[in-house]
1. Compute the distribution of all C-alpha to C-alpha distances in the range 239-374, in bins of 10 Å from 0, and list the percent of pairs in each, rounded to whole numbers.
2. Any idea of Leu91's accessible area? Nearest 10 Å², probe 1.4 Å.
3. So for the chain, Kirkwood radius off the Cα pairs, Stokes-Einstein at 4 °C and 1.567 mPa s: how many µm² s⁻¹?
4. Relative contact order for the range 339-431 using alpha-carbon pairs under 8 Å, separation at least 6, rounded to a whole percent?
5. In what order, largest first, do Lys405, Lys62 sit by accessible area if the probe radius is 1.4 Å?
6. So how do Ile421, Ile176 rank on accessible area, 1.4 Å probe, biggest first, that is with the largest at the start?
7. What's the center-to-center distance, using Cα atoms, between the range 272-319 and the range 324-380 in Å?
8. Given the pairs Lys83/Lys307; Lys62/Lys405; Lys115/Lys232, which span a C-alpha to C-alpha distance of over 31 angstrom in this model?
Amino acid sequence: MAIIPAGMDSRNASIANQIGYGAGQVAGQVFRDLPSLLLLFFMTTVLGIAPDVAGVTIFVPKLLFGTIFDVSVGILSDRLRRKFARRWWLLAGAMLSPLAMILLFHVPEGSQTLKLAYVAGTFSLYMAVFASFSVPYLAMAGDLTSNPSQRNVVMAWRLVFTAVGVLVAGALAPAIIEMQGGGQSGYEDMALVLAAICPISLLIAFFSSAKTAKVAAASDRPALADRLSFKKACSILLAPRYSVLLLTNLLQLTGAGMAYASLLYFLTYNMGRADAFQLIGVVVIMACLGIVLAQPLWVRLADAIGKRRAYIAATILYLLTYVIWGFAASWGSIATFALSFVAAVGNSGWTMLGFSMMSDIASEDEEHAGLYSAAWIATDKIAFALGGTLLVGVTLAIFGFDSAKAVAGLPQSDSAMMGIIVAFAAIPVTLNIVGAFIFGRWGQVGDKEPAAA
C-alpha cells in the first residue's frame, strides 16, 4: 500500500464511482477510434479521394484545432474549477456529441473539393466537441482518489470501458455498415447509432461522479500574478518528469494509430478477405477480451515491480506481437484473432499505466491538472492524427495504393501491398522500440512506491 503524502486529503472512490467514471470512456474511445479506423478508409474507398490527400484533410483539423481546443478547455477547466466541478463539462459533451457524429459522415453530393471542404469543416467541429468532454474527463481521475495504487484500479476500470468503446467503434460500427449494404448510406446509418450511444456513456459518468467531484475552495484561488502564462505552462509541461512520459506516449500512440488505421487495409488486401468488415468485428472482440482480462495482471504487476517497469514490459509484448503479425497475412483468421488478443494485452498495459502515471503527476499539482490532462489528450490526438491518418495516407501513396481501384473493388499492386505492411507493422514496431528506450533511459515517474510502515 502506498503512503499518502503528508497534507494530502485521503480520498477513495467506491466501486460504483469507479465503474461509473469508467463508463464515460466509451464515448471518448468511440470519438478517438472512429476517425482512425473508418474515416480514412471511408474517404479513400467510398468518396474516392487519394490516400495522401485524405490523410492531410483529416490531419490538419486534428493537429491544429484539436490541439487548440484541448489546451483551451484544459486551461479553462482549471480556472473554472472554483465555480463548478469538471464533471459539468461531460454534460456539454453529451448534448453536442450526437450532432458532431451525425454530421461527419453525412457528406453531401458534389465535387471532390466540396467533399474535402465538408469533411475538414465537420471534423473540426468533431474535434471541438471531443475536447469539450475528453480533457475534463481525464482530469477528473485525480479527484476520485488520492491513493496512487488505487489510481491503477481506477484506470483499469477505464480500460475495461475502453474495451467497450473499441467494441462499439471497431466491431459494431463496421457491422452496421455491412448490414446496411456498405457505401455512404451504410456509414450514415452507423453514425446515427453511435450518436445515441455516446451521450448515454457521458451521462452515466456525469451522474455517477456527483458525490466525488471536487470544487476547489475559494481560498485556493491564486494571486493574479500567479495566473498561468504561456511561459509558465511550457515550464510545467517541459519538466523532465512529465515531458519524457509525454514523448514516450506520443511515439507509441503514433505507432498504435498507424497499426489501427491500417488494419482494414491489411485484412482486405494482404489477407485477401472480401468479408473484412465482418472479420474486423471478431478481431476487435478478441482485442477487447485481451484488454479486459489483462487489467488485473497489469495492476498486480505494477504493484509488484513498479509502474515504470510494468510499462516497459507491456510495450515489449506489444511490439513483439506486431513483429510477428506483419508476416502473418497468410496464416489465416485464427492466427489473426490470437495476435489481436496478445497485442491488446500489451497495448492495454502501457495505455493504462501511462494514464495512471500522468494522473499521479497531476494529483501532485492539482492546480494544473487540467493542463496536464489537456497536453496528454492533445498528444493522443496528435499521435492518432499522425499515425492514424497522415503517415498511413502518405505511406500508402508512396507505395502506390490506388483509390480508383479500391472504389472499383480491384486488387492492389505488390508495391501497395508492401506499403500496407510497412504502415501496419514496420513503422509501429520501430516507434515503440524508440519509445521504450527513451522511457527506460530517462523516465522519472512510475518507480515502485515504498511500502507503508
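The values are calculated or read from the model by the stated rules, or taken from the named source; none is laboratory data. From a predicted model like this one, the values you see are computed outputs, not experimental measurements. Counting neighbours? That spans all protein chains shown, and the Cβs are built from the backbone with ideal geometry, glycine included. Keep in mind that these areas ignore ligands, DNA and RNA; they rest on the heavy atoms of the full protein, side chains included. Shrake-Rupley method; radii C 1.70, N 1.55, O 1.52, S 1.80 Å.
1. Pairs per bin, as whole percents: 11, 38, 30, 16, 5, 0.
2. Roughly 50 Å² of Leu91 is accessible to a 1.4 Å probe.
3. Using the Kirkwood radius from Cα pairs, D works out to 59 µm²/s.
4. Relative contact order here is 18 percent.
5. I get Lys405, Lys62, largest accessible area first.
6. Ile421, Ile176
7. 9 Å
8. Lys83/Lys307; Lys115/Lys232
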